[in-house]
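Chemist: Have a look at this one.
Here, each number is a calculation from the coordinates, and none is a lab measurement. All values reported here derive from a predicted model rather than from experimental measurement. Note that we place each Cβ from the backbone using ideal geometry, even for glycine, and neighbour counts take in every protein chain shown.
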Amino acid sequence: MRLGWLDALRGWAALVVALHHASFYYVPELRAQMVGWFDPGRYGVLLFFLVSGYIVPVSLERHGDVRRFWIGRFFRIYPLLAVACAVPVALAVSGLREMRAGLGDYDPVVAVLAHVTMLQDVLAVPNAINVLWTLSYEMAFYLVVVALFVVKGGRRPGAVAGVCVVAALVAGGVLPVALFSRTAGIGVVVLGTAVLLAAAVGLAMYGRGAVRIAGGVAGGVVAVLLVALNSRIGAWEGFVILAVMFTGTVVYRAEHGQMGRRAAAGTMLAVLAGVVAAGLWHAQVSVPEEQVAGFRVYWTGSVLLAAGSFAGVWLLRERRFPRWWTGLGTISFSVYLVHHVLLMLSGRFLGTSGRDEVHRLVVFVVVLLAVSWVTYRWVEAPAQRFGRALGARGLKPPA
């Protein structure tokens, strides 16, 4: 299966997000003109979510083994995540920079444990690095996908996407934000989630029969409850993200004859319309009044452009993409995590002028790509190889 087009999308999405955040530092005037109608950051992460939705469930089904799936995900994400998070922590400990706004007010054990679950954004704990919020929804998606896999429900992504869109439209605007954390306390919720996830993932990986199913389903239930009732960004947007990801799965099913083309096309159009409508509808309650009109414009523009970009590159999937482009996709996770760390260091030690400085933006991109190649070469790639080897050994359940 040729996946160069997915690498192309990953690389483009990561670079767009990096440029979006860099624009605050290096081209603020240009950014101010653009964000009135288009949000590059939102566009980029929506592309990432579509790509994850397309490939992640297939990865699980291809291996047919929850253990290999979780081992692969762990070594794909956590080593680089740990390295990236170590930089702001080191700066804070050395007194060179304060922790991200709000994070310093939390018990360090609670903050670390929340980030270990990778669900910190739905646990009411500020992200150590701004871009980590998307990983919380990636983790929620993984948990739901595993739940569907163990009950053999993964072949109906269209139905799941539809339910998520309906939830975003109907319930998203009325469900409370951070309900569990506000009522039970953040520390209690973080600890409880960590224990539940450890048990759920452990049972799904090493259990048999009904025990394995119970573990997988429990993880999915925890994820859905946190997205619905404890999300920082609001339930409607959390459900929209899940709907977008399962729409990516719909594309895969239709492409490989596992779903009717007409049914898939109808589902995708309905989800697209629902996602746009959810943003337009809930903007009035989730966005300050003076920003509602602007949000509706760039929400719609970002969603439609993300869908169009994914569709356009998918139509070209049989073409051979340039190696530099697919290579950018290979290091896309490093680009995504490292760029914010570099901006943090640049802001601390080099400062900003408040004017457009395109030459500094160009230098930043060159440095970012070089550092990302290094972190991929020496952190990501070795960890992934080790994870594949570990998963291939077929870890046996303990006696």
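Chemist: Residue-wise, which Karplus ³J(HN,Hα) couplings in Hz belong to the range 295-305, taking 6.51 cos²θ - 1.76 cosθ + 1.60, θ = phi - 60°, and x for glycine or proline?
Modeler: With coefficients 6.51, -1.76 and 1.60, one gets 4, 4, 5, 7, 5, 4, x, 5, 5, 5, 5 Hz.
Chemist: Moving on to the next point. Can you sort T134, T300 so the residue with the fewest Cβ neighbours within 10 Å comes first?
Modeler: By the 10 Å Cβ count, ascending, the order reads T300, T134.
Chemist: Okay, moving on. For the range 234-241, in order, what is each residue's ³J(HN,Hα) by Karplus, 6.51 cos²θ - 1.76 cosθ + 1.60 with θ = phi - 60°, in whole Hz (x at glycine and Pro)?
Modeler: x, 4, 4, 6, x, 5, 4, 4
Chemist: Scattering from the C-alpha atoms of the range 45-198 alone, worked out with Debye: what is log10 I(q)/I(0) at q = 0.15 1/Å?
Modeler: -0.94
Chemist: Could you tell me the distance between the Cα centroids of the range 1-56 and the range 201-216, to the nearest Å?
Modeler: The two parts, judged by their Cα centres, are 36 Å apart.
Chemist: Now for a different question. Let me know the longest stretch in the chain that avoids all trypsin sites (Lys or Arg not before Pro) found in a DSSP loop with at most 13 other C-beta atoms within 10 Å.
Modeler: Of all site-free stretches, the longest is 3-151.
Chemist: On to the next question. HN-Hα J couplings of the range 278-287 from phi, Karplus 6.51/-1.76/1.60, θ = phi - 60°, integer Hz, Gly and Pro as x?
Modeler: So the Karplus estimates, Gly and Pro as x, are 4, x, 5, 6, 8, 4, 5, 10, 10, 10 Hz.
Chemist: Tell me, how many Å apart are the Cα centres for the range 161-180 and for the range 224-258?
Modeler: 12
Chemist: Of F295, V93, V145, which is farthest on the positive side of the dipole of the range 4-392, counting Cα position, with +1 on Lys and Arg Cβ, -1 on Asp and Glu Cβ, and the Cα centre as origin?
Modeler: Of the options given, the answer is V145.
Chemist: Okay, moving on. Taking the dipole about the Cα centre of the range 4-392, with the C-beta of Lys and Arg at +1 and of Asp and Glu at -1, give me whichever of Q284, H21, T249 is farthest to the positive side.
Modeler: T249
Chemist: I would also like to ask the following. Using a Förster radius of 41 Å, what is the FRET efficiency between V174 and Q258 based on their Cβ-Cβ separation? Nearest 0.05, please.
Modeler: Approximately 0.70, to the nearest 0.05.
Chemist: Please give the calculated 222 nm ellipticity per residue for the chain, where each DSSP H segment of at least 4 residues contributes -39500 (n - 2.57) and the sum is spread over every residue; nearest 500 deg cm²/dmol?
Modeler: -25500 deg cm²/dmol
Chemist: Between Rg and the Kirkwood Rh of the range 137-286, both from Cα atoms, what is the Rg to Rh ratio?
Modeler: The Rg/Rh ratio comes out at 1.01.
Chemist: While we're looking at this one, here's another question. For the range 155-219, max minus min Cα coordinate along each principal axis, in Å, sorted largest first?
Modeler: 39, 37, 12 Å, listed from the longest principal axis down.
Chemist: While we're here: Which one, A90, A264, A194, has the greatest fluctuation when you compute a Gaussian network model over the chain with C-alpha springs under 10 angstrom?
Modeler: A90
Chemist: If one computes the Cα centroid of the range 108-131 and of the range 326-399, what distance in Å separates the two points?
Modeler: Result: 20 Å between the Cα centres.
Chemist: Give the label of the value calculated from the structure for volume of the Cα convex hull per residue in Å³, choosing from (i) 165; (ii) 148; (iii) 118.
Modeler: It is the one labelled (ii).
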